[in-house]
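Data first, discussion second: the structure below is written as structure tokens.
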Amino acid sequence: MKLILRFLKPHWKLCTVTVLLLIIDVAGSLVISTLAAQMLNLGTSGSPFEAIVQAGILMSAASLISGFCAITGGYACATLSAQVGKDMRIALYKKSLKLSVYDFRQFGTASITTRTVSDITTIQFALTSFIQMVLPVPVIFIVALALAFRLDTEMGFILLGVVLAVLVLAFFIMRSASPLFQRLQKLLDRMTTVLLENITGVRVVRAFNNEAREEGRMGASFAEYAQTSIKANQRFANLDGLSFLFINFFIIVVYWLSGGRISDGYLQIGDITAIIGYAMMVLFFLMMAQMVILTMPRALECCERVRAVLDHSPEIRDLVQSDPSGDAAKSDEVLAFRDVSFRFADAEEDTLSHLNFVCRRGETTAIIGGTGSGKSTVASLILRFHDVTKGSICLNGTDIRQMTRKYLRGHLAYVQQKAWLFSGTIAENLRYSNKNATNEELMHAADVAQAGDFIRSLKHGLDSYVAQGGTNFSGGQKQRLSIARALVKKPELYIFDDSFSALDFKTDAALRKALAKETKDAAVLIVAQRVSTIQHADQIIVLSDGGMAGIGKHDELLKNCAVYREIYESQTKEAQEA
């Protein structure tokens, strides 16, 4: 509830108006029942026609006011729920942008998606239902009982007993349903995870003819969710049936007692109608409130899941509020690793240990090593996707932990191994790094990245459509567009994380030649597996088991570094055999 109150607070005026409108609506309904009973009493007692007309006019006025408040209150409630849902989703999305890779592993990508979409939708529905069906209950309960006791004390006590019985019943059913709804949310996460795996990995599924296996896995998730839903729905069915039983019991008792009460002159026919009307209204709202309350465990579980993300302290966060002064940007040493070691939170050994090197302006630094040597982890540390365990990484002489992440990443351009493009146009994707870039600047960057020719060959050029993930382009085209996007930014440091792997040797060579001219005022860091891609670098860092096995130029390493020589000879042999 604290989470909902946190997001309701900015909209307290709308919330107050909504509650008042709904209270007037339900109070008006009780007044209508009272006026209807009064008209019936006037008609059966031979009162003047003018008195009946006057009561009818009052009843019509009450109906109009109640109806207006019902419509306006429903609109206000829907608006309030939509605003709260929007604010929650924005907050959750902003928080997800601050989560590290480790944080995402902790929650799970599918779970974050479910929390942002499904869980908040559940919370919105519960909020709307609670305001419309639960909040008016105390008002109806108090007013209806007061009116019933005013007409007949005995009838009032009977109504009070029935209401209390229904409340006790709802309490026990809700308590038994709560674990089921909590389980439903976890099963929903599981369903989403399996579904995303099947959709994103559909080519692998088909390639290995495993459709039947995945259907079975998906079917098992669906079946488990369905079985739990059935158990939860049984609670609803039991509550509905027993509540109607109590309502009918009360009506029978009222009619059974009313004959004697009317003959003794304690009640009139209209009074009986009014009491039954009060009872029907109270028990109707109680039943609706029970249905809402039965869904509350699920909504509260959703609130807890959303709160867990919003209140989570990210592994990586800004440690300072101010950034370095502009003078630091003139440093010739753009990036420096000073005795850097790193270990993942769940690992027993360091992934990287004692790295020392400098990336200078106008020079290209390359990192090469075998699989699992920690090459890509170096790039992640520079971007502060992770923080170093020991040592420091400095940008223009300042520890990157002593600057905001926005400032740090504003000085870098990163091209990851698995190229990713967003749905839209080529121009929109290239402007992702610099929204003010002109079409001429975009095409220049594309030419440097060896993507200019294929862009011009497209019917709409820069305005050509890009599918989500760039699936309508080849791997090499996506990589070249990703490289062009980085070039448009014109940063101080370019990081290419094995981002030439999908290029043929001719394109690779042409790109490196053009890149050298384009990045002469910046530092370039290339993470690669192919020696041919980095052999012309100003310095090459060789990683082995997370440590530096060598550093130097290509020719020097061939003479002095056994690890580098082994990598070079194995790739040369493979090329000759091919």
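The values are calculated or read from the model by the stated rules, or taken from the named source; none is laboratory data. For clarity, every value in this text was computed on a predicted model and none was experimentally measured. With ideal geometry, Cβ positions are generated from the backbone for all residues, glycine too; neighbour counts draw on all protein chains shown. Surface accessibility is based on the protein's heavy atoms, side chains included, excluding ligands, DNA and RNA. Shrake-Rupley method; radii C 1.70, N 1.55, O 1.52, S 1.80 Å.
Worth pointing out:
- The chain, relative contact order [Cα under 8 Å, separation at least 6], %: 14
- The base-10 log of I(q)/I(0) for the chain, evaluated at q = 0.05, 0.09, 0.10 Å⁻¹, reads -0.39, -0.86, -0.97 [Debye formula, identical scatterers on Cα atoms, solvent excluded].
- At R0 = 60 Å, FRET efficiency that the Cβ-Cβ distance of residue 252 and residue 315 yields, to 0.05: 0.40
- Net charge of neighbours whose Cβ lies under 15 Å from the Cβ of residue 504, counting Lys and Arg as +1 and Asp and Glu as -1: +4
- For the pair residue 520 and residue 333, label points projected 7 Å from Cα toward Cβ lie 2.6 nm apart.
- Taking every protein chain into account, the accessible area of the chain amounts to 50 square angstrom per residue (probe 1.4 Å).
- Protein accessible area in the range 388-429, 1.4 Å probe - carbon and sulfur %: 51
- Cα-based radius of gyration for the range 1-90, normalised by 2.2 N^0.38 Å, reads 1.58.
- At 1.567 mPa s and 4 °C, Stokes D of the range 135-252 from Kirkwood alpha-carbon radius, µm² per second: 71
- Computed over the range 221-366, the ratio Rg/Rh where both radii use C-alpha atoms and Rh is Kirkwood: 1.48
- When the alpha carbon gyration tensor of the range 379-465 is reduced to an equivalent ellipsoid, its three semi-axes come out at 33, 13, 11 angstrom, largest first.
- Spin-label model, residue 325 to residue 560: label points 7 Å out along the Cα-to-beta-carbon direction sit 3.8 nm apart.
- In summary, the aspartates and glutamates within cross-link reach of residue 459, defined as a Cα separation below 19 angstrom excluding same-chain residues under 8 places away, comprise 428, 440, 447.
- Kirkwood Rh in Å, taken over all unlike Cα pairs in the range 429-479: 11.5
- Annotation: extensible slack from residue 436 through residue 153 equals 94.1 nm (criterion: 0.36 nm per residue apart, minus Cα-Cα distance).
- Only Lys, Arg (+1) and Asp, Glu (-1) charged, at Cβ; the chain dipole about Cα centre in debye: 420
- Computed on the range 411-484, with alpha-carbon pairs under 8 angstrom and 6+ residues apart, the relative contact order is 49 percent.
- Net charge, residue 160 excluded, C-beta distance under 14 Å - Lys, Arg +1, Asp, Glu -1: -1
- With the charge dipole of the chain set up from +1 on Lys and Arg Cβ and -1 on Asp and Glu Cβ about the Cα centre, the Cα lying farthest toward the positive end among the listed residues 109, 245, 1 is that of 109.
- Net charge over other residues, Cβ less than 15 angstrom from the Cβ of residue 315 (K, R count +1; D, E count -1): +3
- According to the Cα-based calculation, Rg over Rh for the range 481-578 is 0.98, with Rh computed by the Kirkwood formula.
- Modelled label reach - residue 57, point 7 Å along Cα→Cβ, the range 1-37 residues with backbone N closer than 20 Å: 31-37
- Approximate spin-label separation residue 79-residue 47, in nm, with each point projected 7 Å along Cα-to-Cβ: 3.9
- Cross-link reach list, aspartates and glutamates versus residue 9, counting only Cα pairs under 19 Å and skipping chain neighbours closer than eight places: 87, 304, 311
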